[in-house]
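The values are calculated or read from the model by the stated rules, or taken from the named source; none is laboratory data. These figures come from a predicted structure and were not determined experimentally. Cβ sites come from the backbone with ideal geometry, for glycine too, and all protein chains shown count toward neighbours.
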Amino acid sequence: MSPSNAQWAQAGSSVWMGGAKRPELCFTDGSGSRLRDADGREYLDFVGGWAVCALGHSPAAVARALAGQASTLLHCSPGYWNPPAIALAQKLSSLSGFGRVFLGCTGAEANECAIKLARKRGAATGAWKIVATLDGFHGRTLATMSATGKPAWQGLFGPKVPGFVHVPPNDIGALEAAMDKDVCAVMFEPVQGEGGVVPFSAEYAAKARELCDKHGALLVFDEVQTGMGRCGSWFAFQGLGVRPDILTLGKGLGAGYPLSACLTDAAFDGFEPGDQGGTFTYHPLGAAVGLAVIQEMERLDLVARSQSAGLALRARLEALAPEFGLRDVRGSGLLQAFDLPDPTGQELVAAALREGLLLNSPRPASIRLMPPLVVTDGDLEEFEQKLERALEALQKNV
Ligand SMILES: *Cc1c(COP(=O)(O)O)cnc(C)c1O
């Protein structure tokens, strides 16, 4: 007999490093929008590997790319050129309009690259401060934790990397007041993901663009979560109508394989030999996956699908809203959220789990939805039924 969820959970908790609180749930396999646990139960996955599994679980296109590249050239060191990493950089460049591309493994690594590019350019004039936003999220390295505006992280692992200033999202006056000659960059997510799906207005983004130009600072968009079709366009900046100077990608780029990118214009690529690198940067295997993911997204027209499925999802949420007092249905494409009338997000996550639906509650009263971009109409219907039953169960308990 293979081990149960409970047995895996016990084994894992005695050997994985401390950290996340996890339900007693161990996933063994999955396909499309579905995952199966060690007890053989199936779940409809609206967490999507945390906005990662754009092509669903265990997509054949990625499996083929992995097998093909692994048996051709697995790794050779970024000290040499390799074809897939050049091809992926060219592809990302043509999709985004940015001429220079760095390839890494994690979102935090891509953001470190962005921070270093901004500091490098700022060094010429002595500018070193980066204005980021309260409740923004940029990763878990020390510099990206310092850029992150989560109040709960304020006292952690001090001293922080200095130079990060946090302003409230969508507050133009606060951004204006934070700008001075010491600022080398303004950095935010077009839609705050971990912050609970908080979109930035086009007006704010345009003002940020203007202020950066006025003060000679770079505008950095962290699109690790919002990029790669998640919000209904290849990149959320296209929806906002404001072009940043630096763009970072991760999550959906590898659709489940660790892959990230930092993009900029040739004019802002100030790196000199030795400034930036990493053993697994420009990795041929990851790059082959990234190329396969983009090709599959183009073949299946998943950017358009993200938009249409997002509208269908929103309509279903709005249909449930009056009965259960759901508020502020928001987001775009397949990054959506809504608020509950009470801070019962974790209770709803648990109730949905009992219905066989995976949900995420990024804030006490908020539920975030980030299903695979290949989510079907049938999946959306099943989602609504399961969510309705979970909401009913929650109402009975409260
Ligand atoms: C997930 C995320 C990151 C961090 O990515 P990792 O791959 O976990 O390092 C950074 N920024 C945003 C907006 C994210 O959603």
With the requirement that a residue be within 25 Å of Val183 (Cβ to Cβ), more than 11 Å from the ligand (Cβ to nearest atom) and either without any contact (Cβ under 8 Å) to a residue 60 or more places away in the chain or surrounded by fewer than 24 Cβ atoms within 10 Å (Cβ to Cβ) (or both), what does the stretch 219-239 give you? Leu219, Phe237
Here, helices (runs of 4 or more DSSP H) confined to the stretch 76-161 with at least 1 residues that are more than 16 Å from the ligand (Cβ to nearest atom) and buried (at least 17 other Cβ atoms within 10 Å of the Cβ) are 83-96, 107-123
Answer yes or no as to whether Gly196 is more than 16 Å from the ligand (Cβ to nearest atom) and assigned to a loop (DSSP other than H, G, I, E, B). no
Here is a list: Gly216, Gly250. Which entry is modelled with pLDDT of 95 or more and within 12 Å of the ligand (Cβ to nearest atom)? Gly250
The condition of being closer than 26 Å to Ser260 by Cα, of a type outside the set (Lys, Arg) and touching a helix residue (DSSP H, G or I) at 6+ places or on another chain (Cβ under 6 Å) holds, among Val197, Val224, Val167, only for Val224
Could you count how many residues in the stretch 257-268 are within 12 Å of the ligand (Cβ to nearest atom) and more than 14 Å from Val224 (Cβ to Cβ)? 1
Boolean, Trp8 is on the phi > 0 side of the Ramachandran plot and either surrounded by 14 or more Cβ atoms within 10 Å (Cβ to Cβ) or not small (Gly, Ala, Ser) (or both): no
Does Val242 satisfy being in contact (Cβ under 8 Å) with a residue 40 or more places away in the chain and in contact with a Lys or Arg (Cβ under 7 Å, 6 or more places away or on another chain)? yes
Single condition Met17 does not satisfy, out of (1) more than 16 Å from the ligand (Cβ to nearest atom); (2) farther than 22 Å from Leu247 by Cβ; (3) without any contact (Cβ under 8 Å) to a residue 40 or more places away in the chain; (4) not small (Gly, Ala, Ser): (1)
